[in-house]
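One structure is given here, and the rest of the page talks about it.
The numbers here are math on the coordinates, done by the rules we state, and not lab data. Everything numeric here is computed off the predicted structure, so don't read it as measured data. Every residue, glycine as well, gets a Cβ built from its backbone with ideal geometry; the counts of neighbours run over all protein chains shown.
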Amino acid sequence: MSSGTLDQIAINYPGRVAVIEIHIDAAFPLFNTEANQRRYFYPAPYLYGSSWVYVTPWLWIDGTKRGRTTYATWQDSILSRMNRPSPFTCTMWGIYNQSAGNGTVYAKFRNDSIASITGRIRFVLTEDSIYYAGPNGDNWHNHVARDYLPDTGGTPVTIAPGDSVIVSRNFTIQSGWNANRCEIIAWIQSNVMLPDSTKEIWQGGMIKISQLTAIEEHISQKPLAMEPIPIPNPCVNNTKFIFKLGKKETYRISIFDVTGRKIREIKGYGSGEEQTVEWNLNSDSGQRVKSGVYFYRFITSNTEKSGKIVIR
């Protein structure tokens, strides 16, 4: 068997999940040394006779030994993990110089909980839709780990309640990689090994290289100015999105509950100036939504941002 699967990360809003694929045999073209080392970050998951061993294929879910060796059992585990509320919101952006094949990616993690949280933030660059006829029968490979940025160690952080941290990483698209199929995944993970061998991944984000700002545009544009972060958050009566778009540029704000069901959609046009759009916490049917965790997507022709809203 040539491949395994590592670090399932539910990200930003229901319906998206990042599952990073690794290949463990150095004789095969999709092998990556850092990715192979990363699987030893967790204890050996599979009891073979009287010994715990590493096997493939294997779905790691926050590092737990309760992963699976057969693909047919993975869907239920992934769906269950995707809808679990998270104490963090993640926002990503960056710049990419296509001619040089390099750039910088940023990830902002905001602690929405009521306690300080200590962990590590990690980045990996992956490539999608790679054809390779592996000996285990897999021909198409997605989210294949190409490069950990800068390595698998990650950045240690402690984030107070309501505070946030921004971490940046430089990256390079190597010869032979298709930049249009590459994306960068960032996540924040606990340092603590729990009794069930879990090092919990609290939240993550994912952005395609093709979504990063061209370097020429970045000179006159502040990345944070395009972040339509809802304020206040947590909220009680309403929350507002503040942003600036070009005149007549369309935008759409979609709100989802924790099951992934869209409950509200707000559409409009940019004014060319800073503008504010309020959500009164009602659904499209006019009903006040219940307290809890909700997710939003803010989409324009050039921007897609997502995050979490907590209603008390």
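Ranked by the mean number of other Cβ atoms within 10 Å of their residues, highest first, the peptides 40-53, 167-180, 103-116 fall in the order 103-116, 167-180, 40-53. The residues packed around Asn233, meaning those with a beta-carbon under 12 Å from its beta-carbon, carry a net charge of +3 if Lys and Arg are +1 and Asp and Glu are -1.
Note on the range 228-311: percent of Cα-Cα distances in each 5 Å bin, starting at 0 and stopping at the bin with the largest distance, equals 3, 14, 28, 26, 16, 9, 3, 0. Other residues lying with their Cβ under 9 Å from the Cβ of Asn191 contribute a combined charge of +2, Lys and Arg counting +1, Asp and Glu -1. Remark: the range 228-311 carries a charge dipole of roughly 160 debye about the Cα centre, counting +1 on each Lys and Arg Cβ and -1 on each Asp and Glu Cβ.
When we measure straight from the Cα of Lys108, which lysines land under 18 angstrom away, once same-chain ones fewer than 8 places off are left out? Correct list for Lys108: Lys208, Lys222, Lys305, Lys308.
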